[in-house]
1. Collect the residues in segment 141-163 that are within 20 Å of Asn92 (Cβ to Cβ), out of contact with any Leu (no Cβ under 8 Å at 6 or more places or on another chain) and either at pLDDT below 85 or not hydroxyl-bearing (Ser, Thr, Tyr) (or both), keeping them in residue-number order.
2. Quickly run through segment 31-87 and pick out the residues that are at positive phi and either touching an Asp or Glu at 6+ places or on another chain (Cβ under 8 Å) or among the polar types (S, T, N, Q) (or both).
3. Restricted to segment 35-65, and to residues that are outside any strand (DSSP E or B) and either modelled with pLDDT under 85 or small (Gly, Ala, Ser) (or both), which residue is surrounded by the most Cβ atoms within 10 Å (Cβ to Cβ)?
4. Between residues in segment 120-149 that are closer than 15 Å to Ser42 by Cβ and residues that are of a type in the set (Ser, Thr, Tyr) and crowded, with 17+ Cβ neighbours inside 10 Å, which pairs lie under 7 Å by C-beta distance while being six or more apart or on different chains?
Amino acid sequence: MIVKKQLYRAAAATVLGLSLTGGIAYGDAGGINTTGPGSSNSITTHGSNTVHVTNHNNVNASNDNTQHANTGNAEATDNTTAGGATSGGATNGNTVSATVSVDNTSSDGMSMTPASDPSTGDISTTGPGSSNTISATDNTNVTVTNDNDLDVHNSNSQTASSGNATVSDNTTGGSAMSGDASNTSSSTFDLSVSN
């Protein structure tokens, strides 16, 4: 009797990442020109971008395989001249292939546009004693949380038994042959996680 059991368990740990990708395009901060004497002029821009992305991937695959194979008995008994007796073979075969792929890469490919760039602003032809300012602030927060749980379970139980081969109580004995008993098992697991 040959019994084969295989248990594979794979778990991808939690990944927490902050990501800001893609093109950055600043807006025009504007301009201040031709102002009066003693005037006060300002341009202020403020931008705020907040993105929260949560990917929870839970993948489960289970395979339970139980097989039994038995050959009959081969006997040549109580004959003057015994003939031949042959029992067939007992064979078990099992093949498992599991492919699991999790892809969360597109969740962090977001493009954020900040507030205007103050360096693009223009201050010109201002009056005497005037006060002129251009300012820009930007707050960008991107949070990406990936929680990946991959569970692959394979249980394989096989039993193969060949029968008895007996030659007895014959004047002239023949032949008795019992078949082979064999077990085969093949398991392939391919787990891929892209965050």
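1. Residues of segment 141-163 within 20 Å of Asn92 (Cβ to Cβ): 153-163.
If we keep only those that are out of contact with any Leu (no Cβ under 8 Å at 6 or more places or on another chain) too, we end up with 156-163.
Scanning segment 141-163 gives Asn156, Gln158, Ala160, Ser162, Gly163.
2. Going through segment 31-87, the residues at positive phi turn out to be 34, 38, 78.
Hits for segment 31-87 are Thr34, Asp78.
3. At the first step, the residues of segment 35-65 found to be outside any strand (DSSP E or B) are 35-39.
Next, only the ones that are either modelled with pLDDT under 85 or small (Gly, Ala, Ser) (or both) stay: 36, 38-39.
Values: Gly36: 12, Gly38: 10, Ser39: 14.
Looking at residues that are outside any strand (DSSP E or B) and either modelled with pLDDT under 85 or small (Gly, Ala, Ser) (or both), I get Ser39.
4. Thr126/Thr35; Gly127/Thr35; Ser130/Thr35; Asn132/Thr35; Asn132/Thr126; Ala136/Thr45; Ala136/Ser116
The values are calculated or read from the model by the stated rules, or taken from the named source; none is laboratory data. Not measured: the values here are computed from a predicted model. Note: ideal-geometry Cβ built from the backbone for every residue, glycine included; neighbour counts use all protein chains shown.
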